[in-house]
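See structure below.
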Amino acid sequence: MNPSILADNGPNRDRFARLESRECVNHYNETTFFIPHVMHPDLPIVHDQPLAGLNTFRIPVTARQYLRVTDAGQLTALRADPSLANLPRLVLGGGSNLLFTQDFEGLVLHMAGQGREILGEQGDKILVRAQAGENWHAFVGFTLEQGLGGLENLSLIPGTVGAAPIQNVGAYGVETKDVFHSLTAFDMASGQILTLDAAACRFGYRDSIFKHAIGRDLIVLDVTFALPAAWQPNLRYAELANAVQEAGLAAPTPGDIGAIVEAIRRRKLPDPLEIGNAGSFFKNPVVSGEECRRLLEMYPNLVHHAQPDGSEKLAAGWLIDQCGWKGKNIGPAGVYHKQALVLVNLGGALGTDVVRLAQAIQSDVAARYGVALEPEPVFI
């Protein structure tokens, strides 16, 4: 893969092109390191690895080959072994944004690198870095413990740090892209380690370059966030603003906001450790302003949020709820009784059961509102 493509041959082209060497610059501490192109002496490949405990839907599937990845050297060794490098490949973090519909007949790379640190100030930002395998919520807690704000609205989102930019996770008015500085990725095509900034990641609504063909060979190793040195609470979502007001917090701290977001999510969403689920199952659909006005004429209570480009984002959960799906089920797959946006494994569900339920919901919403719902999880 040519890294210059990632920046659209724009102002960062030369910087990315310089990474086309076996010696790669670490842009965090300006040191240089070398990735040897030799076979790793011990790649602990596991055969027929059960994955029920490694996906939050708790779907009982198996990976034909499995490798727990803790450093880039393992990925270099993997490339050097044709019998492994040519297998179908799935990069797995916390397993919170995918739905297995069958066994995976290839190699699962489970990103498990650990480590987090405060790198220091850069202008009006404070840079904080975490390895891809770090638990996301624990990392948010770490930043709050240091008195740093910026990630508090993203508290209690399941998954790992490495998955956050891939999905551009967001909640309560904040997305990963809003607090993102850069990331380090291993390119399985070239064997190089690349540094990508926000422009190179091509963030969109629950989207990034990693979800498209151009980024399919990139494996996130660590992520650096740029948190505001002069923090102000983001209370643009009414539910959060009301909760802060009800708590009587005239000047809430980042920790206060994080605790309130966590409480809201615990009240509304099921714990994946108790009920199998992948959080919000459908993206909030975005429609034109004209289409939104048409729907409002027929459905005055339609929940919608104006977007900067004039489009409108509809609340998928409201649409599903209005179609009567909250608390309903088809076999062992159901809709959570407290939040219609969440599909759950009621016990013994297969991925195909969840797909069947999702398709029935999509069909009802399309028939009633003329709106297409798109799943958030990746189907495997």
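Side notes on the structure shown:
- Site pair His212 and Glu105 shows an inter-label distance of 3.0 nm when each label is modelled 7 Å from Cα along Cα→Cβ.
- Rg/Rh for segment 176-294, where both radii come from Cα atoms and Rh is the Kirkwood radius: 1.04
- Exposure check, 1.4 Å probe, all protein chains in place: Thr62 carries approximately 30 Å² of accessible surface.
- Long hydrophobic helices in the chain: the complete DSSP H runs spanning 15 Å or more by Cα along their own axis with mean Kyte-Doolittle hydropathy of at least 0.0 are 351-369.
- Rh by Kirkwood over Cα pairs, then Stokes-Einstein D for segment 300-380 at 0.890 mPa s and 25 °C, µm²/s: 183 µm²/s
- Label-point separation in nm, Ala360 to Ala263, each point 7 Å along Cα→Cβ: 3.7 nm
- Most mobile listed residue (Val161, Val140, Val286) in the chain, GNM with C-alpha springs under 10 Å: Val286
- Net charge, Leu341 excluded, C-beta distance under 15 Å - Lys, Arg +1, Asp, Glu -1: +4
- With the cut-off at under 20 Å, measuring from each backbone N in segment 359-379 to a point 7 Å along the Cα-to-Cβ line of Ser288 picks out 366-374.
- Per atom type, segment 116-268 shows carbon and sulfur on 49% of its accessible surface, probed at 1.4 Å.
- Accessible area per residue, Å², segment 232-368 with all protein chains present, probe 1.4 Å: 51 Å²
- Assuming charge only on the beta carbon of Lys and Arg (+1) and of Asp and Glu (-1), the dipole of the chain about its Cα centre is about 680 debye to the nearest 20.
- The modelled label-to-label distance between Val303 and Asp71, using points 7 Å beyond Cα along the C-beta direction, is 4.7 nm.
- Computed E for Arg64/Leu119 - FRET, C-beta separation, R0 41 angstrom, nearest 0.05: 0.55
- Cα convex hull of segment 66-146 - mean projected area over all directions, nm²: 7.1 nm²
- Once the convex hull of all Cα atoms in segment 45-111 is built, its volume per residue stands at 75 Å³.
- What the Cβ-Cβ distance of His47 and Ala367 gives, at R0 = 56 Å and to the nearest 0.05, is a FRET efficiency of 0.75.
- The chain - mean residue ellipticity at 222 nm from DSSP helices (-39,500 (n - 2.57) per run, n ≥ 4, rounded to 500): -7000 deg cm²/dmol
- The residues of segment 45-111 expose, per residue, 39 Å² of accessible area to a 1.4 Å probe.
- Note on Asp353: accessible area is roughly 20 Å² with a 1.4 Å probe, heavy atoms of protein only.
- Rounded D (µm²/s) - the chain, Kirkwood Rh over Cα pairs, Stokes-Einstein at 25 °C, 0.890 mPa s: 111 µm²/s
- Taking Cβ atoms as reference points and 10 Å as the exclusive limit, the residues near Leu109 contribute a net charge of +2, counting Lys and Arg as +1 and Asp and Glu as -1.
- Efficiency of FRET between Ala251 and Ala80 - r from beta-carbon atoms, R0 56 angstrom, step 0.05: 0.50
The values are calculated or read from the model by the stated rules, or taken from the named source; none is laboratory data. In this text, all values refer to a predicted model and were calculated from it rather than measured experimentally. Cβ coordinates were reconstructed from backbone atoms using ideal geometry, including for glycine residues, and neighbour counts include every protein chain displayed. These accessible areas exclude ligands, DNA and RNA; they are computed on the full protein's heavy atoms, side chains included. Shrake-Rupley method; radii C 1.70, N 1.55, O 1.52, S 1.80 Å.
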